[in-house]
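The values are calculated or read from the model by the stated rules, or taken from the named source; none is laboratory data. Keep in mind the model is a prediction, meaning the values are calculated, not measured. Backbone-built Cβ (ideal geometry, glycine too); neighbour counts: all protein chains shown.
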Ligand SMILES: Nc1nc2c(c(=O)[nH]1)N[C@H]1C(S)=C(S)[C@@H](COP(=O)(O)O)O[C@H]1N2
Ligand SMILES: [Mo]
């Protein structure tokens with residue numbers, strides 16, 4: 001009898017606790033009618049956006065910030081002043097697909113060179129534990145580690161591009177981050193790129 005009573009009490013307590021007001025839940029409820037391109041594309045890669053919708057996501061500035069000595073605000077014009085590279089046969093392959101679209105030729109700057117310009121606040125060679133977050137205006141993001149960019153072939157294959165097949169990147173731009181040596185290039189391609197953030201793992 002005593003045991004049955006304690007089971008009932010436990011169930012009641014669990015029920016009460018699960019109904020406690022969770023502020024995150026409330027915020028999520030409130031914003032549930034505001035859909036970003038990323039939320040709407042859980043299964044698709046990008047929402048089928050009209051030109052005027054995608055215009056809202058276009059970013060003309062790229063902020064480089066976080067654990068850096070020089071916070072930068074870059075534009076396509078400032079990237080053009082840096083060492084630019086031609087990238088041949090870049091193919092976007094979605095995580096869920098086996099084959100991608102035809103390869104494109106692109107023009108861009110190595111992400112590594114951008115981060116060199118901003119200069120990571122690194123105290124010495126025993127301070128390599130940084131991660132770099134590339135974010136887009138729709139909330140999409142990709143991460144890279146310091147080791148990948150500065151001590152691995154990925155660093156030679158990760159670019160911020162601003163031209164595709166000789167043309168400025170319009171409705172998916174103005175700048176796009178790509179990592180050419182990823183097996184599936186879709187997940188770490190960041191369209192509408194607007195920030196690069198350097199963070200230290202403490
Ligand atoms: N900003 C942003 N970038 C993004 C996405 C997104 O939803 N938002 N989707 C990704 C996915 S899942 C894929 S497969 C590719 C699709 O790129 P494409 O439209 O150039 O083929 O972009 C990636 N980059
Ligand atoms: Mo995708």
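Residues that are modelled with pLDDT under 95 and either in a loop (DSSP other than H, G, I, E, B) or more than 17 Å from residue 190 (Cβ to Cβ) (or both): does the range 102-116 have at least one? Working first, answer last.
Narrowing the range 102-116 to residues modelled with pLDDT under 95: 102-104.
Still in the list and also either in a loop (DSSP other than H, G, I, E, B) or more than 17 Å from residue 190 (Cβ to Cβ) (or both): 102-103.
Yes, the conditions are met somewhere in the range 102-116.
For the range 46-60, filtered to residues that are loosely packed, with under 15 Cβ neighbours inside 10 Å and either within 16 Å of ligand 2 (Cβ to nearest atom) or modelled with pLDDT of 95 or more (or both), the residue that is farthest from residue 110 (Cα to Cα) is 48.
Only one of the listed residues (139, 147, 155, 166) is away from ligand 1 (no atom under 14 Å from the Cβ) and on the phi > 0 side of the Ramachandran plot. That residue is 166. Of the set (1) surrounded by 16 or more Cβ atoms within 10 Å (Cβ to Cβ); (2) more than 16 Å from ligand 1 (Cβ to nearest atom), all apply to residue 119 but (1).
Considering each of 171, 181, 152, 157 in turn, give the residue that is modelled with pLDDT of 95 or more and either farther than 15 Å from residue 90 by Cβ or not assigned by TED's automatic domain parsing to the domain that holds residue 64 (or both). Outline the logic, then answer.
On the way: 171 fails: modelled with pLDDT of 95 or more; 181 fails: either farther than 15 Å from residue 90 by Cβ or not assigned by TED's automatic domain parsing to the domain that holds residue 64 (or both); 157 fails: either farther than 15 Å from residue 90 by Cβ or not assigned by TED's automatic domain parsing to the domain that holds residue 64 (or both).
One residue alone meets the criteria, 152.
Give the residues of the range 175-184 that are buried (at least 19 other Cβ atoms within 10 Å of the Cβ) and within 16 Å of ligand 2 (Cβ to nearest atom), sorted by residue number. Once the filter is applied, which keeps residues that are buried (at least 19 other Cβ atoms within 10 Å of the Cβ) and within 16 Å of ligand 2 (Cβ to nearest atom), the range 175-184 yields 176, 177, 178, 179.
What single numbered condition from (1) loosely packed, with under 12 Cβ neighbours inside 10 Å; (2) more than 12 Å from ligand 1 (Cβ to nearest atom); (3) without any contact (Cβ under 8 Å) to a residue 40 or more places away in the chain fails to hold for residue 69? Going through the list (1) loosely packed, with under 12 Cβ neighbours inside 10 Å; (2) more than 12 Å from ligand 1 (Cβ to nearest atom); (3) without any contact (Cβ under 8 Å) to a residue 40 or more places away in the chain, residue 69 breaks only (3). Scan the range 44-62 for residues that are within 16 Å of the chain's Cα centre (by Cα) and part of a helix (DSSP H, G or I) and the total you get is 1. Residues that are touching a helix residue (DSSP H, G or I) at 6+ places or on another chain (Cβ under 7 Å) and in a loop (DSSP other than H, G, I, E, B) within the range 130-158 comprise 137, 138, listed in sequence order.
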